[in-house]
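Structure first, commentary second.
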Amino acid sequence: MFSGGPIPLAPQAFGYNRQHFFMTRPMTQDELKQAVARAALDYVIDGEIIGVGTGSTANFFIDALGPVKHRIKGAVASSDATAARLRSHGIEVFDLNAVERMAVYIDGADEITASGAMIKGGGAALTREKIVASVAQKFVCIADGSKLVTMLGAFPLPVEVIPMARAVVARKLTQLGGQPRLRTKDGQPVLTDNGCEILDVTGLKIHDPKALEVQFNAIVGVVTVGLFAQRGADIALLGTVDGVQTLKF
Ligand code: 5RP
């Protein structure tokens with residue numbers, strides 16, 4: 001009766017307190033993330049090594065994977081944090097250099113379009129995410145429905161830079177119409193797992209994500225731009241109040 005709709009709150013017996021019976025609340029963002037994380041288990045190939053992304057949605061996926069870890073040989077992690085979480089569930093973590101092929105890579109996104117182009121890197125793991133994803137045959141993006149956008153760029157575009165190149169890259173990004181800002185935490189630059197810094201770029205209207213990815217990646221001193229368009233998602237599982245929606249690209 002309620003399948004696909006909002007979750008009923010504490011249903012009471014019919015005829016008693018009907019008002020409470022029909023009270024509903026929307027699923028929280030975390031519940032939507034958990035729903036897509038569970039749905040992603042259907043894309044895990046038995047006996048294989050899988051690639052695993054970084055962030056809160058990826059963490060929910062790792063937690064869902066834990067109880068069925070016997071299904072896989074192990075995982076390649078896109079960050080030190082993901083590696084630690086995988087290990088905490090007893091899942092073997094493989095060095096990417098020891099892995100030639102990977103059937104699937106599962107990760108979240110900060111924004112995704114209806115054609116599968118994404119902004120990623122809100123969790124500062126963009127470079128390793130892009131590297132691990134490049135080895136996978138299939139990229140499954142898991143996200144709550146709020147991440148689906150018509151045009152990328154409302155979320156600040158992360159650009160990982162070599163620290164000594166921060167200023168020169170920032171000037172070039174400004175010339176290209178963006179407003180770069182160094183990502184900091186507690187007054188200090190955020191350092192990626194690669195020891196690099198991140199410029200978050202606002203003010204961009206990203207009409208052609210593939211072209212901008214190539215253009216920004218070509219700036220000397222840039223390690224990786226957080227546009228995943230040249231190699232976008234193959235499948236997106238989006239959490240909505242109507243259930244998990246699947247987009248195929
Ligand atoms: C980390 C990422 C994440 O996938 C992205 O930031 C989404 O995070 P979350 O699942 O916490 O919303 O790209 O670098």
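If you count the DSSP beta bridges with both ends in the stretch 97-249, what percent of them are antiparallel, to the nearest 5? Walk me through the numbers on the way to the answer.
Working: 25 of 36 bridges.
Taking every DSSP beta bridge within the stretch 97-249, about 70 percent pair in antiparallel fashion.
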Exercise. Can you give the calculated 222 nm mean residue ellipticity of the chain, where each DSSP H run of n ≥ 4 adds -39,500 (n - 2.57) and the sum is split over every residue, rounded to the nearest 500 deg cm²/dmol?
Worked result: -7000 deg cm²/dmol
Exercise. Could the peptides 153-166, 226-239, 188-201, 93-106 be put in order, highest first, of the mean number of other beta-carbon atoms found within 10 Å of their residues?
Worked result: 226-239, 153-166, 188-201, 93-106
Problem set entry | Rounded accessible area per residue of the chain, 1.4 Å, Å² | 49
Exercise. Tally Lys and Arg at +1 and Asp and Glu at -1 over the other residues with C-beta under 12 Å from the C-beta of I72: what net charge comes out?
Worked result: 0
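How charged is the neighbourhood of A117? Take every other residue with its Cβ under 11 Å from the Cβ of A117, and add Lys/Arg as +1 and Asp/Glu as -1. Let's see the in-between values first.
On the way: positive: K120, K210, R231; negative: E111, D208, E213.
Summing Lys and Arg as +1 and Asp and Glu as -1 gives 0.
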Exercise. Probe 1.4 Å, all protein chains in place: accessible area of I45 in Å², nearest 10?
Worked result: 80
Exercise. Which log10 I(q)/I(0) values, to two decimals, does the stretch 114-167 give at q = 0.25, 0.31 Å⁻¹ under the Debye formula with one point per Cα?
Worked result: -1.20, -1.39
For this session: Provide the three semi-axes, in whole Å and in decreasing order, of the ellipsoid equivalent to the chain as defined by the square roots of 5 times the Cα gyration tensor eigenvalues.
Result: 34, 23, 16
Exercise. Which percent of the accessible heavy-atom area of the chain goes to carbon and sulfur, probe 1.4 angstrom?
Worked result: 54
Problem set entry | Long-range amide H partners of I198 with built H, under 5 Å | V161, R183, V190
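The values are calculated or read from the model by the stated rules, or taken from the named source; none is laboratory data. Just so we're clear, the structure is a prediction, and the values are computed from it rather than from any experiment. Because the Cβ atoms are built from the backbone with ideal geometry, glycine has one as well, and the counts that use them run over all protein chains shown. Please note that ligands, DNA and RNA were not included when accessible areas were found on the heavy atoms of the full protein model with its side chains. Shrake-Rupley method; radii C 1.70, N 1.55, O 1.52, S 1.80 Å.
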